[in-house]
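Take a look at the structure set out below.
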Amino acid sequence: MQAKDLKCVRMCLRLLGNLCFDHPYNREEILNAGGVPCIVECLKLEDEEVMRIGAGCVANICSNTENICELIYSLGGVDQLLLLLRSTNDNVQCMTSRALRNICETEQIQNYVYSKGTMEYCINICNEAEDDDGMVVEFLGLINSLVASKTIFSDFLNKFEGIKFLLGLLIKATEANLIADIQHFLDSITENEATRVTFENYLPLLKSTYLNKNLKVEVRTCAGKTYSDISQSDKFLSLFYNDLDDYLIWINDEEKEIQLVAAKLIGSVARDEKNCLDMVKRGVATILIGIVQNEERDLRVRHYCTGTLRNLAIDPTNKKIIFQGGIMGPAINLLKNPNLNQVVVYQAIGLLKNLINGGEEYINSFVELGGIKNMVDLTSFDETEHIKFESSRVVVLLFKTASVQQALLDAGGLHALKNLLASKFDLLHVEALAAAEALLNNGKQQSLGDPEVLKGFLTAAFPSEAPAGEKKPPNCSGAIVSFLVKFVEKGGLEALGKVVAENQWKNFSNPDNSEDAIKLSTVLEPYKK
């Protein structure tokens, strides 16, 4: 690279850039060989191709390498890049922007680059670019790297009216990658309440962009997603609720992505008790039930509608209206294909749980429509613990109803108890215990003799016998000890004793219920050997 032949320099820079692209080891090798100072020197050569390729080389070697970024900064490389950023050659500008984006790894470098007026310059370039989304992508990337600094981020939002700037770019964007980058940037602003509220003055613009059928559907979708994300702010809840009738129209839009945003908005406003009651009175539940029942509708839309119905069904009055609307069958059907869409299944479990909490009428309907098998099957679904544990919680809830216990047992429902007892959460142990007590009180003690179930109860009651790290007994451990005593009294001694013997259980100390612990330890003495 020290040759006078610029063609040779270009080839060397291009080779180094290729070597360190996505290769951390090669970057370190180039660093150790003294290549970084040479690359920085090449940026000063009066040749636009060398400038462009050199900036590209810097972009590659700086990617996720803070030590190299700091070295280039100390060598004056950042200053040289800032000069190249203002080149009259678009290609040099774009590659330099990418290099600066990657080099802004530390707050010190971010602040230095920002102090040179780079933010304002980048915004102007983006605003003035005509039919060149590629250039906008590069400069927007640099802006995004600068706002990693909280101070600069605040300036971007306030001093530079960042939201107005981003929405302006979005409306005229045509390339998918630029729209995606804008979406990512907007997501970073809407992800928390503190910055979400800064959109207040731009809600009408977002809404009109979302509804403008003359724009690309990707642009409308981006605006709609941002609009729906903002709707999660408590500050704007009443404002968004006032537009509920609009959402019910948009959910039938010809574009599926627009339907999806509408479904999110409907769900977002259904988080207030007053709103939920009013929504059901206005027939929203009936509309959502129709969408969930329609298998031709987009599965993502059905997912959000199911989640909204879950929230609406918490109130007893709403629950009955939703139940009478015929939602039980469609919700059960959503359980059948957990591999197809796990999120939909999870929402359906939550909806069914809220309905089942309504009592015998709801439970009988659930059983008659084949819900037991579908729900029990999910307790063995190991792809995601959310589904496995939530379905298990529904099954143990059903175990508290005597009339369906045998059907649950026949379907393999004890697996739900095993899941909950194997967890580290006391709440789940409490729920498993309630189900077991219901079985015991209904004369089903023989079914509770399952070795894995009993081992789960012993582990929860006497955690000192459990794997290392579980020192303090869970809060419900005393109640579990009492349950085990009752189990023994009802003929379960041999089954429990066998588990104690096979697992070499010896210590039965429980400070929460020492009296029953001693009693249990005494009767199990013959099995401790």
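So is Leu352 in the same structural domain as Lys498 (by TED's automatic domain parsing), assigned to a helix (DSSP H, G or I), surrounded by 21 or more Cβ atoms within 10 Å (Cβ to Cβ) and touching a residue at least 40 places away in the same chain (Cβ under 8 Å) or not? Steps first, answer last, please.
On the way: in the same structural domain as Lys498 (by TED's automatic domain parsing): no; assigned to a helix (DSSP H, G or I): yes; surrounded by 21 or more Cβ atoms within 10 Å (Cβ to Cβ): yes; touching a residue at least 40 places away in the same chain (Cβ under 8 Å): yes.
In short, no.
Within segment 246-290, the residues that satisfy the criterion of being in a loop (DSSP other than H, G, I, E, B), in contact with a helix residue (DSSP H, G or I) (Cβ under 6 Å, 6 or more places away or on another chain) and within 22 Å of Ala331 (Cα to Cα) are Ile251, Val269, Ala270. Only one of the numbered conditions (1) among the hydroxyl-bearing types (Ser, Thr, Tyr); (2) surrounded by fewer than 21 Cβ atoms within 10 Å (Cβ to Cβ); (3) within 21 Å of Arg10 (Cα to Cα) is violated by Tyr25, and that is (3). The set of residues in segment 86-105 that are more than 16 Å from Ile61 (Cβ to Cβ) and assigned to a loop (DSSP other than H, G, I, E, B) comprises Arg86, Ser87, Thr88, Asn89.
Screening the candidates Phe156, Phe160 for the property of being part of a helix (DSSP H, G or I) and closer than 22 Å to Leu205 by Cβ yields one hit, Phe156. For Asn32, the requirement of being over 16 Å from Thr106 (Cβ atoms), out of contact with any strand residue (DSSP E or B) (no Cβ under 7 Å at 6 or more places or on another chain) and assigned by TED's automatic domain parsing to the domain that holds Leu142 is met. Scanning segment 19-35 for residues that are in a helix (DSSP H, G or I) and free of Cβ contacts under 8 Å to residues at least 40 places away in the same chain returns Leu19, Tyr25, Asn26, Glu28, Glu29, Ile30, Asn32, Gly35. The residue that is modelled with the lowest pLDDT, among those in segment 493-523 that are within 15 Å of Thr459 (Cβ to Cβ) and either crowded, with 19+ Cβ neighbours inside 10 Å or in contact with a strand residue (DSSP E or B) (Cβ under 7 Å, 6 or more places away or on another chain) (or both), is Asn510.
The sole residue among Glu368, Glu383, Glu437 that is acidic (Asp, Glu), free of Cβ contacts under 8 Å to residues at least 24 places away in the same chain and out of contact with any His (no Cβ under 7 Å at 6 or more places or on another chain) is Glu368. If the condition is being within 17 Å of the chain's Cα centre (by Cα) and hydroxyl-bearing (Ser, Thr, Tyr), then segment 183-232 contributes Ser188, Thr190, Thr226, Ser228. Check whether at least one residue in segment 63-85 is modelled with pLDDT of 90 or more and in a loop (DSSP other than H, G, I, E, B), and report yes or no. Checking segment 63-85: at least one residue is modelled with pLDDT of 90 or more and in a loop (DSSP other than H, G, I, E, B). When segment 44-69 is filtered for residues that are surrounded by fewer than 17 Cβ atoms within 10 Å (Cβ to Cβ), at negative phi and in contact (Cβ under 8 Å) with a residue 12 or more places away in the chain, the ones remaining, listed by number, are Lys44, Leu45, Asp47, Glu48, Glu66, Asn67. For the structure I just gave you, tell me whether Leu335 is assigned to a loop (DSSP other than H, G, I, E, B), surrounded by 15 or more Cβ atoms within 10 Å (Cβ to Cβ) and of a type outside the set (Asp, Glu). When the stated conditions are applied, Leu335 passes them. The set of residues in segment 206-258 being without any contact (Cβ under 8 Å) to a residue 40 or more places away in the chain and among the aliphatic types (A, V, I, L, M) consists of Leu206, Leu211, Leu237, Leu239, Leu248, Ile249.
Annotation: of all residues in segment 270-325 being among the small types (Gly, Ala, Ser) and farther than 14 Å from Gly350 by Cα, the one that is surrounded by the fewest Cβ atoms within 10 Å (Cβ to Cβ) is Gly283. Selection of segment 372-395 for residues being in a helix (DSSP H, G or I) and hydroxyl-bearing (Ser, Thr, Tyr) yields Ser391, Ser392.
Among the residues of segment 93-144, those that are surrounded by fewer than 16 Cβ atoms within 10 Å (Cβ to Cβ), polar (S, T, N, Q) and out of contact with any Cys (no Cβ under 9 Å at 6 or more places or on another chain) comprise Gln108, Asn111, Ser115, Asn124, Asn127. The C-beta contact set for segment 118-137 (first residue under 13 Å from Leu166 (Cβ atoms) and outside the structural domain of Ala180 (by TED's automatic domain parsing), second residue outside any loop (DSSP other than H, G, I, E, B) and aromatic (Phe, Trp, Tyr), distance under 8 angstrom, 6+ apart or interchain) comprises Cys122/Phe139; Ile123/Phe165; Cys126/Phe139; Cys126/Phe165; Asn127/Phe165. When you check Val9 against the structure, is it modelled with pLDDT under 90, part of a helix (DSSP H, G or I) and hydrophobic (A, V, I, L, M, F, W, C), yes or no? Criteria met by Val9.
The values are calculated or read from the model by the stated rules, or taken from the named source; none is laboratory data. Quantities reported herein were computed from a predicted structural model and do not represent experimental measurements. Backbone-built Cβ (ideal geometry, glycine too); neighbour counts: all protein chains shown.
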